[in-house]
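Enquirer: Sharing a structure with you now.
The values are calculated or read from the model by the stated rules, or taken from the named source; none is laboratory data. This is a predicted model, so every value here is computed, not measured. Cβ sites come from the backbone with ideal geometry, for glycine too, and all protein chains shown count toward neighbours. To get the accessible areas, we keep the full protein, side chains included, count just its heavy atoms, and leave off ligands, DNA and RNA. Shrake-Rupley method; radii C 1.70, N 1.55, O 1.52, S 1.80 Å.
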Amino acid sequence: MDSNSLYYSLDLVASSGRVLTVEQRTALHTSLLILKKNYKFQRVMFWGKILGIKRDYFIAQGRGEDEIKDQKYLYSLNCIDWLLLPFTTESMIEEVSKAAKGHFIGDPSFVYEQKIQGDREETAEENKMTTVNEEKRLAVTVKHIDEDVSVVPRGAFIRSPLGLVQINRSFNGLSESEARKLENFLHFREQKNGNNKSIEEMGEWSPAIDFLDVLSDEVPAGSWSLQFECASRVCVLRSLLWLGLTFYHVPMTSQHGYVYIGNGLKNLDLPFML
């Protein structure tokens, strides 16, 4: 959610139990403004909080000219001092998937170790030890969550003829009837599924705004909970895949955003719950 409307946005998702203390809100309001200036970001988003055993990680996202491609993530342990998260690579993702298990500790330098067992014919010396620190695990987890469940309403962003993804200044929000349909919400990431709209739907299809994947096409189906709250004035989406991700949109306005406050563990039991 945009740092400029942080107080207002956090109140709209408070029914999920995703709240911050007054001290944390105040510190974030000030430090994110400084962050934007120091790193020369065009926008700074409060991404959320990943809970740890000792301490929690507060995550911010800085955006540049292209809202999707020009993204950087930062973390803080006190809502004041921020450090850049390392850029995720395929090798880093593989290391984290092999070694990092369980809840986050809350110490960026903490090292996870996992022995990779080889074939029976191999000797003990040939068994490999995979190690990865928690800072890398944090970077990979944040990337996975954003890839899987970051959400925007249809039309909120536009792709220019040059290919840049930017805020659609003419977006005035979905209507209430549109906000009740999952197909009017999109994954805010590079498109993966391609254009799979039927010919009948192509009458309303626009390449300028329909360049993202639709939530209703997600597999498995049923991984989102859509409700209207705050006296039916606010549309709220909650992810059942990453418990703790909450998205809000106020129909007939441009107000929307999402925040993740959770333990950073994927709900692998979801297919059995549906």
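Enquirer: Looking only at the range 225-239, which residues are part of a strand (DSSP E or B) and touching a residue at least 24 places away in the same chain (Cβ under 8 Å)?
Expert: Kept after step one, since they are part of a strand (DSSP E or B), are these residues of the range 225-239: 225-229, 234-239.
Of everything in the range 225-239, those that are part of a strand (DSSP E or B) and touching a residue at least 24 places away in the same chain (Cβ under 8 Å) turn out to be LEU226, PHE228, GLU229, VAL234, CYS235, VAL236, LEU237, ARG238, SER239.
Enquirer: A follow-up question, please. Can you report the number of residues in the range 38-61 which are more than 12 Å from PHE104 (Cβ to Cβ) and over 16 Å from the mean Cα position of the chain (by Cα)?
Expert: Here the count works out to 5.
Enquirer: Here's something else I'd like to know. Any idea which of GLU183, GLU121, GLU126 is open to solvent by 80 Å² or more (accessible area, probe 1.4 Å), in contact with a Leu (Cβ under 8 Å, 6 or more places away or on another chain) and modelled with pLDDT under 95? Even if it seems obvious, please write down each step before you answer.
Expert: Details: GLU121 fails: in contact with a Leu (Cβ under 8 Å, 6 or more places away or on another chain); GLU126 fails: in contact with a Leu (Cβ under 8 Å, 6 or more places away or on another chain).
The conditions single out GLU183.
Enquirer: Take the residues in the range 209-235 that are of a type outside the set (Val, Ile, Thr) and more than 25 Å from ASN193 (Cβ to Cβ), then tell me which one is most open to solvent (accessible area, probe 1.4 Å). Don't jump to the end; show me each part of the working.
Expert: Our first condition is that a residue be of a type outside the set (Val, Ile, Thr); within the range 209-235, this holds for 210-213, 215-218, 220-233, 235.
Remaining after also requiring more than 25 Å from ASN193 (Cβ to Cβ): 227-233.
Working: GLN227: 80, PHE228: 40, GLU229: 32, CYS230: 51, ALA231: 93, SER232: 64, ARG233: 143 Å².
Step by step, filter the range 209-235, then rank; the result is ARG233.
Enquirer: Only one of (1) open to solvent by less than 30 Å² (accessible area, probe 1.4 Å); (2) in contact with a strand residue (DSSP E or B) (Cβ under 7 Å, 6 or more places away or on another chain); (3) over 27 Å from THR131 (Cα atoms) fails for ALA60. Which number is that?
Expert: Of the numbered conditions (1) open to solvent by less than 30 Å² (accessible area, probe 1.4 Å); (2) in contact with a strand residue (DSSP E or B) (Cβ under 7 Å, 6 or more places away or on another chain); (3) over 27 Å from THR131 (Cα atoms), the odd one out for ALA60 is (3).
Enquirer: Out of all the residues in the range 148-180, which are among the basic types (Lys, Arg) and either surrounded by 13 or more Cβ atoms within 10 Å (Cβ to Cβ) or within 23 Å of GLN227 (Cα to Cα) (or both)? Write out each step before concluding.
Expert: Filtering the range 148-180 for residues among the basic types (Lys, Arg) gives 154, 159, 169, 180.
ARG154, ARG159, ARG180, listed by residue number.
Enquirer: Can I ask one more? Does the range 80-111 hold any residues that are under 30 Å from LEU33 (Cβ atoms), in contact with a Ser or Thr (Cβ under 9 Å, 6 or more places away or on another chain) and open to solvent by less than 80 Å² (accessible area, probe 1.4 Å), and which are they?
Expert: Answer for the range 80-111, where residues must be under 30 Å from LEU33 (Cβ atoms), in contact with a Ser or Thr (Cβ under 9 Å, 6 or more places away or on another chain) and open to solvent by less than 80 Å² (accessible area, probe 1.4 Å): TRP82, PHE104.
Enquirer: Something else: Could you pull out the residue among LEU33, LEU20 that is open to solvent by 40 Å² or more (accessible area, probe 1.4 Å), under 16 Å from SER5 (Cβ atoms) and not charged (D, E, K, R)?
Expert: On the way: LEU20 fails: open to solvent by 40 Å² or more (accessible area, probe 1.4 Å).
None of the others qualify; the one that does is LEU33.
Residue-by-condition table, conditions (1) under 15 Å from ASP11 (Cα atoms); (2) out of contact with any Gly (no Cβ under 8 Å at 6 or more places or on another chain); (3) among the acidic types (Asp, Glu):
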site: PRO207; (1), (2), (3): no, yes, no
site: PHE211; (1), (2), (3): no, yes, no
site: PRO220; (1), (2), (3): no, yes, no
site: TRP224; (1), (2), (3): no, yes, no
site: PHE228; (1), (2), (3): yes, yes, no
site: ALA231; (1), (2), (3): yes, yes, no
site: TYR248; (1), (2), (3): yes, no, no
site: THR253; (1), (2), (3): no, no, no
site: VAL259; (1), (2), (3): yes, no, no
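Enquirer: So GLU201 passes all but one of these: (1) within 25 Å of VAL13 (Cα to Cα); (2) modelled with pLDDT under 95. Which condition number does it fail?
Expert: (1)
Enquirer: Give the residues of the range 134-147 that are surrounded by fewer than 20 Cβ atoms within 10 Å (Cβ to Cβ) and in contact with a Ser or Thr (Cβ under 8 Å, 6 or more places away or on another chain), sorted by residue number. I'd like the intermediate steps shown before the answer.
Expert: Just the residues of the range 134-147 that are surrounded by fewer than 20 Cβ atoms within 10 Å (Cβ to Cβ), to begin with: 135, 143-144, 147.
Within the range 134-147, GLU135, LYS143 qualify.
Enquirer: ARG233: more than 26 Å from ASN267 (Cα to Cα) and modelled with pLDDT of 90 or more, yes or no? Quick ask: steps written out before the conclusion?
Expert: Working: more than 26 Å from ASN267 (Cα to Cα): yes; modelled with pLDDT of 90 or more: yes.
Yes: the conditions hold for ARG233.
Enquirer: Given (1) touching a helix residue (DSSP H, G or I) at 6+ places or on another chain (Cβ under 8 Å); (2) part of a helix (DSSP H, G or I); (3) among the polar types (S, T, N, Q), identify the lone condition not met by SER177.
Expert: (1)
Enquirer: Follow-up. When you look at ASN4, is it open to solvent by 70 Å² or more (accessible area, probe 1.4 Å), of a type in the set (S, T, N, Q) and either touching a Cys at 6+ places or on another chain (Cβ under 8 Å) or over 25 Å from HIS256 (Cβ atoms) (or both), yes or no?
Expert: Details: open to solvent by 70 Å² or more (accessible area, probe 1.4 Å): yes; of a type in the set (S, T, N, Q): yes; either touching a Cys at 6+ places or on another chain (Cβ under 8 Å) or over 25 Å from HIS256 (Cβ atoms) (or both): no.
No; evaluated as a whole, the condition is false for this residue.
Enquirer: Would a scan of the range 27-41 turn up a residue that is touching a Phe, Trp or Tyr at 6+ places or on another chain (Cβ under 8 Å) and of a type in the set (Phe, Trp, Tyr)?
Expert: If we filter the range 27-41 for residues that are touching a Phe, Trp or Tyr at 6+ places or on another chain (Cβ under 8 Å), which is where we start, we get 28-29, 31-32, 35.
From what's left, of a type in the set (Phe, Trp, Tyr): none.
No, the range 27-41 has no match at all.
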